[in-house]
Amino acid sequence: MDDVLALTRIVLRDPLTLVAGVGVALVIGAVWLWLVRGRGWGPWRRAAVVLGSAALGTALAIVLVREDVTFGRPWYCLGNPGIAPGTAEETLNLVLYSPAAFFAVLATRRLLATTTVFLVLVVAVECLQKWIDVGTCEVGDMSRNGVGALLGALAGRVVLSGAGCMPGGRTESGRDAGRR
């Protein structure tokens, strides 16, 4: 229970984080919904887009929105490898991108593409975090974020398999059925 309280304090320590999370989520959601318009995506896939956007917006706000942001400092990543969480912040790193990756797989129905995008995103965000001086770029954080995103994406794939969805975005009914 103490870990949950510590994680909650980390997430809610700055009201600006919540405001930025909502703002980023709205922008990401609007872009995604604009990109998938006319594709025949049903309400459940669009709902996955909205929930994934909310999760990603929140994750990016937690990592990047902090007070005293400065630009232009030289950056480097600390070599603290490993994925086993020992602190509440390390646990947060492990679960940070999981919901977004989960909903992204539900929306796109593409495990490999989603996982690749999230792994690139994790590295980019860690480097950006150090460049704008809002945190420390750590190999261990990248590892935990990447593993968490992979686990979320795999969980999304398991749900799709259980729901009878086919790989590559095909389902038994609907617009995609004739593409086999």
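Laboratory data are not the source of any read-out in this text; all were calculated from the coordinates shown. Note that the structure is a prediction, hence the values are computed from the model and not measured.
Across the range 122-129, coupling constants 3J(HN,Hα) worked out from phi with the 6.51/-1.76/1.60 Karplus curve, θ = phi - 60°, read 4, 5, 4, 5, 4, 5, 5, 4 Hz, and Gly and Pro carry x. Amide H contacts under 5 Å for E138: L78, restricted to partners 5 or more places along the chain or on a different chain, H placed in the peptide plane at 1.01 Å from N. Net length available on complete extension from W44 to V139 is 30.6 nm, with 0.36 nm assigned per residue and the Cα-Cα distance removed.
Once backbone amide H atoms are built at 1.01 Å from N, V65 has no partners under 5 Å, excluding neighbours fewer than 5 places away on the same chain.
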